[in-house]
Structure formats: structure tokens, C-alpha cells
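Remarks on the structure that follows.
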Amino acid sequence: MERTGIEDSTLSQILSTDVERQKNTVSCKCKICEAPARYSYYGVIIPTTNLLESDQSTLSIDQWNLLSNLVHCFDENSGYALVERFIEEQNRLPLKLRFKYPSVCEFFMLLKGKVQIVFEKNRDFLSLSRYDRTTLLRTTLEYTTSIGGMFTLRQYKLFDYPPFYKSAEMIFQPSAAIFTKRVIDQLDPDNTFIKLVFAILTFSTINYTIYRKNVHSNLTNIKVTLPIQDMYTDLTWRYLLYKYGHHQAVIRFSNLLRCLFAVIAAVVEAHESEKFTEMIDSVIEQTEQTLCL
């Protein structure tokens, strides 16, 4: 059956429109790996070089899925909405009444509790025995909530507000506030990397030098916990290799270690504050009740 001139004209118009739609693109990037791409009417257009690089990715499909789930869980439960609501409430107050000790103290308590929800929703954590979950919770919580909170504070630059910083000094000791500010300034700019580090710390079996009453530091079955810890460490390393290459991956991991030492120093100094220990004990108690530990 022969096509008419009208049909040929219509087909040409459709093809022309399709080409124009494909040409009209908007720059964007992957939310996880931040690889550059362009978005058109028909979806994301990834450059040929990126397609070749993705073929060489050291991350399996399962690892990409795990990475995506971790990032989503952190974003959904890390307390971003809490921070935005807190800032909005403070901005309604007269300047002299903003970021005072009572409101900032309550904010930190709520923030630590919010960050800990990420801990509670981790399937690998929930797969451990009740005793080992309790042990990890009590030995790592002050570090996971601290670095998670510091990450969230960096996102909103709250430590750059002098009244907020002054209240933080009153709550955690001036020396702890100094170390906290140092950590915030040193945190890697790659948000996905920091969220992966948070997962590693959740399963950390390192025994720190801070003495806490009624804390059992020995796991009943460390052979179950170590593979989980290794899995998240391997995932983090592979992510860095994929995105930055070996040289930059080594540099970023080295910087991370220095940053974690600063986190430990901040926690050690904060232990001189009764309010800090009260916060940690409260979050531990709330989390144990939630998990029925």
C-alpha cells in the first residue's frame, strides 16, 4: 500500500519533532555517583564515555542496590526535616532570643534520636542476635550519632551561627565544640561517601578508651559481625574507586581516618559534659525500647 504525500509529510513532522525533543536537554547527574548526564524528553542521556566506564565498574548490581538503599534510608530518617523546622522556628523569634541554650539542647537531643533511626532500620543490624545488637548499640552509638549529627549540621551550616555555636559550647564543653567544628570542616564533600562511613561505624568492633558503666564490649558471635563490617568497607572502597580512581580513593580514605580521630577527640571531650552523657543514655534507652532489647 503506497503512502500519500500527506502521510509522508506527517511522518517527517513527527521525526523532526522527535529530533528536536532529543536535542532539547537539561544538564543533570546521578544522585548516588553524581556522574554527569543530560535529561531529554525521552529520559536520561548518558555520554558514551560514561557507558564505557560503567562497564568497568567494580560495583555489582547487588552492591549498587545496597548503596541506593543506604542513601535513601539516611535521607529519609537523618533529621533534615527536624533541622529545617528548628531553623524556621528560631527565625520567627527576635534576634536576641534565637538559638538559646534550652532550645539548642532540645534540638541536639532530638537530632541524635533521629540519626539513630537509621541504625534501627538497617537489616544487617536487625539480623544480629539480641545481645550483639545491644552491645553494638551501646559501644558505637555515641560515635554514630555524633558523626551523623555533624554531617547534618554541616548541611545547614548551623555551627557558622555564633549564638548556636555558643550554646553548643555550653552543652558539650568548649573543647568538644572546637573538635566538632574541625570535623564539620574536614568532612569529605561527597555526601554518599559519608553515609557509607556511617554504615561502617554502625558495625565497628573497636573498643574505645572511654569507660562507661554496664557496657559489655565483647560480641557473642564476632564471626557474624565482621563479614558485615567488611561488606560495608568493601562497598565504600569500591564506590570511591568507581567515582575517583585509585589515587583519589586513597587520599579520601586517609583524610577520613584523620577526621575520625577528630570525632573520637570530640566525643572524649564531650564526656566531660553531664548533658552529653544524659543525651547518649536517653537515646540508648529509647532505641532499646524500640528494638525490644
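The values are calculated or read from the model by the stated rules, or taken from the named source; none is laboratory data. Just so you know, these numbers come straight off a predicted model, no measurement behind them. Don't worry about glycine lacking a Cβ; one is built from the backbone with ideal geometry, like all the others, and counts go over all protein chains shown.
To keep it simple, each residue is scored yes or no on (1) among the charged types (D, E, K, R); (2) surrounded by 18 or more Cβ atoms within 10 Å (Cβ to Cβ).
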| position | (1), (2) |
| --- | --- |
| Leu128 | no, yes |
| Tyr131 | no, no |
| Thr135 | no, yes |
| Tyr143 | no, yes |
| Arg154 | yes, yes |
| Pro162 | no, no |
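On the given criteria, is Leu153 assigned to a loop (DSSP other than H, G, I, E, B), out of contact with any Gly (no Cβ under 9 Å at 6 or more places or on another chain) and farther than 17 Å from Ser282 by Cβ?
No: the conditions fail for Leu153.
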Residue, farthest from Ser68 (Cα to Cα), within region 217-240, restricted to residues that are more than 19 Å from the chain's Cα centre (by Cα) and among the aliphatic types (A, V, I, L, M): Leu219
Long-range neighbours under 9 Å by Cβ, at least six apart or interchain, first residue surrounded by fewer than 17 Cβ atoms within 10 Å (Cβ to Cβ) within region 247-264, second part of a helix (DSSP H, G or I) and β-branched (Val, Ile, Thr): Phe253/Thr236
Among (1) surrounded by fewer than 14 Cβ atoms within 10 Å (Cβ to Cβ); (2) at pLDDT 90 or above; (3) charged (D, E, K, R), the one test that Lys223 misses: (2)
